[in-house]
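Some notes on the structure that comes next.
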There are 2 protein chains.
Amino acid sequence: MDSTAVARKLGAFVALSDADRCILTGLVKRRRSFEAGRDLVLQGQSDHVAYIVVSGWACSYKLLPDGQRQIVDFQIPGDFLGLRSLMLHLSDHSVEPITDLLVSEIRYPDLLDAFRQAPRLATGILWAASRDEAMVVEHLVGIGRREASVRMAHFLLETGARLSLVSNGTRDGYACPLTQYHLADALGLSSVHVNRVLRLLREEGLVTFRDGFVTFDDYDRLVEYAEFERAYLDQDGPLLT
Amino acid sequence: MDSTAVARKLGAFVALSDADRCILTGLVKRRRSFEAGRDLVLQGQSDHVAYIVVSGWACSYKLLPDGQRQIVDFQIPGDFLGLRSLMLHLSDHSVEPITDLLVSEIRYPDLLDAFRQAPRLATGILWAASRDEAMVVEHLVGIGRREASVRMAHFLLETGARLSLVSNGTRDGYACPLTQYHLADALGLSSVHVNRVLRLLREEGLVTFRDGFVTFDDYDRLVEYAEFERAYLDQDGPLLT
DNA sequence: CCTCAATCCTGACCGAGATCAGTCACGGGT
DNA sequence: ACCCGTGACTGATCTCGGTCAGGATTGAGG
């Protein structure tokens, strides 16, 4: 997965000119890598840099005063990381690489320059931010409303759909480096309950999560069970010419 | 409250030139009004228009398959309304005016033109979108994690802080047209429990919500009780010259 | 003055899911 | 071969907050 993942993602929304594409490529040239487990953005820190994931998984999370953490979102290849912190000049969350992580770095002044030179890049990035927000809302709305097993099913489907957009998953399943603790923190459950719920879904013949792989045992029934609507993830094609 | 509310809000982030300001004013010239209770955006509808609230309150919400609704955010004067729908070309939520509502209308092509002519307007709007997202995340993270009374206290404080930014509230309190049902749908509680929690906060001498007015009985103790951090709402001043 | 419809308010009951307190399988280090 | 740390897994118990089933208060309209 190289920098074209971003271009492909944004290109699905705005029709980028060669010049736009060139500026975008220049923007994401600088590469960095982080090792699993060592946080790369810290809540409360003022940071003037954002990233785009090239390979690996990360999660952004908030620490609550009582010591619990809420994972707000997982980032997979092609996703922005810390864009909100960049705009707000203050990180309201921390980011932890789940696997070893390769990213390209985006500096704030470069981003502003890019906006000046390529306005439709700005539109594209605003679109990407909107899509991320829609996902976060969809994700967080589930918490406390849907019951635990439906939440889990929905999450596994959503992640699968996102991965398939960047060719890392199919209807059969996908490789998933998350631990049950990650799932617990993301879904607002205890790890104990995560375990129970996964067992339930497995015994129902819907989906199996084992040894780092998610296997959809019965995709259609799972979609129905999870009330999964994927409209907010997809984009039919460039909407802006 | 006239269109300068937006200019003031964006101006707190990017230093707008007179030309930028002029384009912004042109963008928000068209006025419309809606009566309380009649929805103005519907979930699933493709819409090419967004609004900025001039006066009144609205709420954006999602309907869940089981008939419950989750209020995602309330919009008060100066807030965007449906910006995400505009970018995604699909509304993932509905909007209901809580009081009679006066808004200025923003059309998609006009927005794109404005981006071309005034790139720093794009930066400002991306910032506003980021701020909104941060608020939504902060808001929704509380659901299912903080306990009900803390959630309520936090919400009342946050709303007060937002209103004070547009001169509609003080440390003493504010006028609030919400019913307990609105609070229930926003905080993910039953209306019964909302009532219990409001009584508890009142009896603790922290805050009183009665007859359409929120009165902070002991602001400092309430802030402590709610673990309220207002950093994500404020902006020290223009960060971009 | 008497409905009616909202909205607010209350107590009794109950269930989903957290907490607690463990066991089991494994892999790495010494 | 042993220890120890990590993650998966299980059942018993407790509690927050939802549901149900009402009652009180208000204002609008006939």
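Worth pointing out:
- On Cα atoms only, tilt of A:18-27 relative to the major axis of chain A in degrees: 70
- The protein assembly as shown pair-distance distribution - Cα-Cα, 20 Å bins, rounded %: 23, 59, 18, 0
- Where only DSSP H runs of four or more residues are counted, the protein assembly as shown gives -13500 deg cm²/dmol as its mean residue ellipticity at 222 nm, each run worth -39500 (n - 2.57).
- The range B:49-126, relative contact order [Cα under 8 Å, separation at least 6], %: 39
- Charge tally around A:Asp185: other residues with Cβ under 15 Å, Lys/Arg +1 each, Asp/Glu -1 each, net 0.
- When Rg and Dmax are taken over the Cα atoms of the range B:1-61, they come to 13.9, 39 Å.
- Our summary of shape: the Cα atoms of the range A:127-202 have principal axis extents of 37, 27, 17 Å, ordered from largest down, in whole angstrom.
- Residues listed by number, the range A:133-171, amide nitrogen under 16 Å from A:Asp220 label point at 7 Å toward C-beta: A:171
- Over 31 Å apart at the Cα level, from the set A:Lys29/A:Lys62; A:Lys62/B:Lys29; A:Lys9/A:Lys62; A:Lys29/B:Lys62, are A:Lys62/B:Lys29; A:Lys29/B:Lys62.
- The range B:198-216 residues near the modelled B:Arg171 label - backbone nitrogen below 15 Å, point 7 Å along Cα→Cβ: B:216
- Percent breakdown of C-alpha pair distances by 5 Å bin, ordered from the shortest bin, for chain A: 1, 6, 13, 18, 19, 17, 12, 8, 4, 1, 0, 0
- Estimated distance in nm for a label pair at B:Ser190 and B:Thr25, the labels positioned 7 Å out from Cα along Cα-to-Cβ: 5.4
- Derived scalar couplings between HN and Hα for the range A:51-57 equal 9, 10, 6, 9, 8, x, 10 Hz in order, rounded to whole Hz, by the Karplus curve 6.51 cos²θ - 1.76 cosθ + 1.60 (θ = phi - 60°), x for Gly and Pro.
- Around the amide H of B:Cys59, modelled in the peptide plane, lie the amide H atoms of B:Gln75, B:Glu96, B:Ile98, all under 5 Å away and 5 or more residues distant in sequence or on another chain.
- Carbon-plus-sulfur accessible fraction, chain A (probe radius 1.4 Å, protein heavy atoms only): 48%.
- Taken per residue, the accessible surface of the range A:1-118 reaches 39 Å², heavy atoms only and a 1.4 Å probe.
- Charged neighbours of A:Gly56, selected by a Cβ distance under 12 Å, balance to -3 (K, R count +1; D, E count -1).
- Here the Karplus relation 6.51 cos²θ - 1.76 cosθ + 1.60, evaluated at θ = phi - 60°, turns the backbone of the range A:200-206 into coupling constants of 4, 5, 5, 5, 7, x, 9 Hz, with x for every Gly and Pro.
- For the range B:4-131, the spherically averaged projection of the C-alpha convex hull amounts to 7.3 nm².
- Loop-located trypsin sites (Lys or Arg not before Pro) in the range A:31-107 (DSSP state not H, G, I, E or B) with no more than 13 neighbouring Cβ atoms inside 10 Å: A:Arg38.
- Taken as Cα centroids, the range B:1-54 and the range B:61-93 sit 16 Å apart, rounded to the nearest whole angstrom.
- Distance between the range B:156-232 and the range A:169-188 - C-alpha centres, whole angstrom: 37
The values are calculated or read from the model by the stated rules, or taken from the named source; none is laboratory data. Everything numeric here is computed off the predicted structure, so don't read it as measured data. Note that we place each Cβ from the backbone using ideal geometry, even for glycine, and neighbour counts take in every protein chain shown. The protein model used for the area step is the full one, side chains on, heavy atoms only, and it has no ligands, DNA or RNA in it. Shrake-Rupley method; radii C 1.70, N 1.55, O 1.52, S 1.80 Å.
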